[in-house]
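For reference, the structure discussed in these notes is given below.
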Amino acid sequence: MQEIAANLVAVRQRIHAACLRAGRSPDTVELIAVSKTLPAEAVRVACEAGQTHFAESRLQEALPKIHALSGNLHWHFIGRVQRNKVRKLLPSFEVIHAMDSLRLATYADEIAAELGLFPKLMLQVNVADEASKGGFEPAQLRSEMDALLRLKRLDILGLMAIPPAAPDAESARHWFVRVRDLRDSLEREFGLSLPALSMGMSGDYEVAVEEGATHVRVGSAIFGQRAYQVDGEIG
């Protein structure tokens, strides 16, 4: 775990450089360390190196870490949201990144009202129409946006996307552009603000930042390569 601090420095430097290339302030990008499958000790080491935002994808794995680690930490949920877990998810995570249907959002709104919460979330978009991934198709999101905006307990921050697997980071660029353009068009069409774009992982976060990402979800570039698959991805 000794390399975690050095890896964090390197990732932050690359984010800074990507921001400069894009004419952005580095303060506009939040680095989220993806700690799924890792022990609480690894999160603690990253905390000692100044990292405060962490992401998990499984509720049962995340809750013991959240309870074990004190301090001013911000927890993000990046996994597939299951209806039967919503009641526990909403009070446990600061931001939910993958709300993927109107039906699920409507249910989350009802539970949030019961719990007295105003949860922050991203709408997951499936820009490549991949059958293996959840999320709103762009046309579907446009047709359902009015209904989503009527859910007054939900604080919709923006969009989240996972581009198709690609041989190199540059191949993901046009997908990030599509997500950004979709966000921009929704803002114009519905007269709203969607400031957040959650996109970019260990292999392509620099390109994502160049194309407007405000939240990058980085796991293996910080904690080291995972040796097995988690949620369909190698971390």
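The values are calculated or read from the model by the stated rules, or taken from the named source; none is laboratory data. Bear in mind the structure is a predicted one, so any value in this text is a computation, not a measurement. For neighbour counting, all protein chains shown are included, and Cβ atoms are generated from backbone atoms with ideal geometry for every residue, glycine included.
Points to keep in mind about this one:
- Pairs are defined by a Cβ separation below 6 Å, a sequence spacing of at least 6 or placement on different chains, a first member in segment 90-109 that is closer than 13 Å to LEU159 by Cβ, and a second member that is of a type in the set (Gly, Ala, Ser); the pairs so defined are HIS97/SER198; MET99/ALA105; ASP100/GLY134; ASP100/GLY135.
- Boolean, ASP168 is surrounded by 13 or more Cβ atoms within 10 Å (Cβ to Cβ) and on the phi < 0 side of the Ramachandran plot: no
- Qualifying residues in segment 149-162 (those that are within 19 Å of the chain's Cα centre (by Cα) and outside any strand (DSSP E or B)) - the one farthest from GLY191 (Cα to Cα): ILE162
- Here ARG226 clears all of (1) surrounded by 14 or more Cβ atoms within 10 Å (Cβ to Cβ); (2) of a type outside the set (A, V, I, L, M); (3) farther than 18 Å from ALA128 by Cα; (4) at pLDDT 95 or above except the condition numbered (4).
- Selection status of ALA18, touching a helix residue (DSSP H, G or I) at 6+ places or on another chain (Cβ under 6 Å), within 14 Å of ALA213 (Cβ to Cβ), surrounded by 13 or more Cβ atoms within 10 Å (Cβ to Cβ) and small (Gly, Ala, Ser): yes
- From the list ALA42, ALA33, the lone residue that is within 23 Å of SER202 (Cβ to Cβ), touching a residue at least 12 places away in the same chain (Cβ under 8 Å), outside any strand (DSSP E or B) and among the aliphatic types (A, V, I, L, M) is ALA42.
- The listed residue being hydrophobic (A, V, I, L, M, F, W, C) and under 24 Å from VAL127 (Cα atoms), out of VAL86, VAL9, VAL95: VAL95
- Only listed residue being at pLDDT below 95 and either farther than 19 Å from LEU121 by Cα or within 16 Å of the chain's Cα centre (by Cα) (or both), chosen from GLU206, GLU189, GLU233, GLU211: GLU233
Listed here are the residues, each with its yes/no results for (1) buried (at least 23 other Cβ atoms within 10 Å of the Cβ); (2) in a loop (DSSP other than H, G, I, E, B).
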position	(1), (2)
ASP184	no, no
ARG188	no, no
GLY200	yes, yes
GLU206	no, no
ARG217	yes, no
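- Of the residues examined, ALA196 is not one that is over 16 Å from the mean Cα position of the chain (by Cα) and among the aliphatic types (A, V, I, L, M).
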